[in-house]
Amino acid sequence: MKYRFLWFVLALACLAGCAAPPVETQAPTTVPTTVAETTLPPETTLPPETTVPETTPPPITVSPLAVEDFLLPLEEFSWERQFDPEFVMIHFTSAVVAHRDDPFNMEYIRDTFITYDISIHYIIQRDGTVRCYIPEDRVAWHAGAGEFLNDPKYTNHMNQYAIGIELVAIGSQEDMSLYLTSREYQALDDSWKGFTEEQYQALSALVEDLCQRYEIPRDEAHVIGHQAYSPSKNDPGELFDWSRILPPSEG
């Protein structure tokens, strides 16, 4: 009986030893409310987009009194201007030699400029319409060879310093003697000879505009005919009335 009791006690002890150990109370895992920012390698900085500067087109200067009717491409009928205009040079033109019955046809006149590689800034039709063949910021080919004021800078270079204006007209018999015989001239309509009132008015306004914008004195030393630079020329000729565009000379 004594031994049975002892075995019973030992059995209880073994059962106690085999029982699962008490669970360890672990401190709850603290989840931080703020997650530390992960340090990333610096972002690769892309080079700024290459900005291609806009090409500013060259200025095109045309009097507000004129209609643009450019001889194109401009590079084939003019040069880039290097100097500010100092003079206004006046010419006259027509297609009378080739087109005796229709001398003021603007298509014929324009073709003459193109054919002979000459050009002009402005051309004034019989009705006073002002057309711009070459903008003022470019050099038109109208003056040719010559000299002025005994100043070498103008010798054979007046195109660089002058704005050229053509008047559509037929000059006097003397003016036209290089191109027409006396009989041919006499056969022309008399209303074609000389300049119209509309042309004088348009020319006076255009000269005023040019002289104001370029600070050119409006006098006979700065508003000149082609013949003043090149004596072999005779435009604007005997029939042109200078008093219509220039103020009276002082004294």
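The values are calculated or read from the model by the stated rules, or taken from the named source; none is laboratory data. Everything numeric here is computed off the predicted structure, so don't read it as measured data. Cβ: placed from backbone, ideal geometry, glycine included. Neighbour counts: every protein chain shown.
Annotations
- Matching residues in region 236-251 - criterion: being part of a helix (DSSP H, G or I) and touching a Gly at 6+ places or on another chain (Cβ under 9 Å): W242
- Scanning region 94-111 for any residue that is acidic (D, E), within 20 Å of E198 (Cα to Cα) and in contact with a His (Cβ under 8 Å, 6 or more places away or on another chain) turns up nothing.
- Flag: S94 does not match the condition of being of a type in the set (G, A, S) and within 25 Å of the chain's Cα centre (by Cα).
- Out of L65, L72, sole residue that is at pLDDT 95 or above, exposed (fewer than 15 other Cβ atoms within 10 Å of the Cβ), among the hydrophobic types (A, V, I, L, M, F, W, C) and over 29 Å from D151 (Cβ atoms): L72
Residues are listed down the side, and each one gets a yes or a no for (1) surrounded by 13 or more Cβ atoms within 10 Å (Cβ to Cβ); (2) touching a strand residue (DSSP E or B) at 6+ places or on another chain (Cβ under 9 Å); (3) part of a loop (DSSP other than H, G, I, E, B):
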{"position": "G146", "(1), (2), (3)": "yes, no, yes"}
{"position": "N159", "(1), (2), (3)": "yes, yes, no"}
{"position": "E184", "(1), (2), (3)": "yes, no, no"}
{"position": "L210", "(1), (2), (3)": "yes, yes, no"}
{"position": "D219", "(1), (2), (3)": "yes, no, yes"}
{"position": "Q227", "(1), (2), (3)": "yes, no, no"}
{"position": "N234", "(1), (2), (3)": "yes, yes, yes"}
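Listed here are the residues, each with its yes/no results for (1) surrounded by 16 or more Cβ atoms within 10 Å (Cβ to Cβ); (2) over 28 Å from F77 (Cα atoms); (3) in contact with a Cys (Cβ under 9 Å, 6 or more places away or on another chain); (4) of a type in the set (G, A, S).
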| position | (1), (2), (3), (4) |
| --- | --- |
| I123 | yes, no, yes, no |
| R131 | yes, no, no, no |
| K193 | yes, yes, no, no |
| L206 | yes, no, no, no |
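- Candidate set: region 112-121, residues that are farther than 20 Å from V62 by Cβ and touching a residue at least 12 places away in the same chain (Cβ under 8 Å); chosen: the one surrounded by the fewest Cβ atoms within 10 Å (Cβ to Cβ): D117
- The criterion of being among the hydroxyl-bearing types (S, T, Y), modelled with pLDDT of 95 or more and within 28 Å of D209 (Cβ to Cβ) holds for Y154.
- Scan of region 89-101 for residues that are more than 19 Å from F113 (Cβ to Cβ) and either among the small types (G, A, S) or crowded, with 18+ Cβ neighbours inside 10 Å (or both), ordered by number: none
- Any hit, region 94-108, residues being under 27 Å from E215 (Cβ atoms) and hydrophobic (A, V, I, L, M, F, W, C): no
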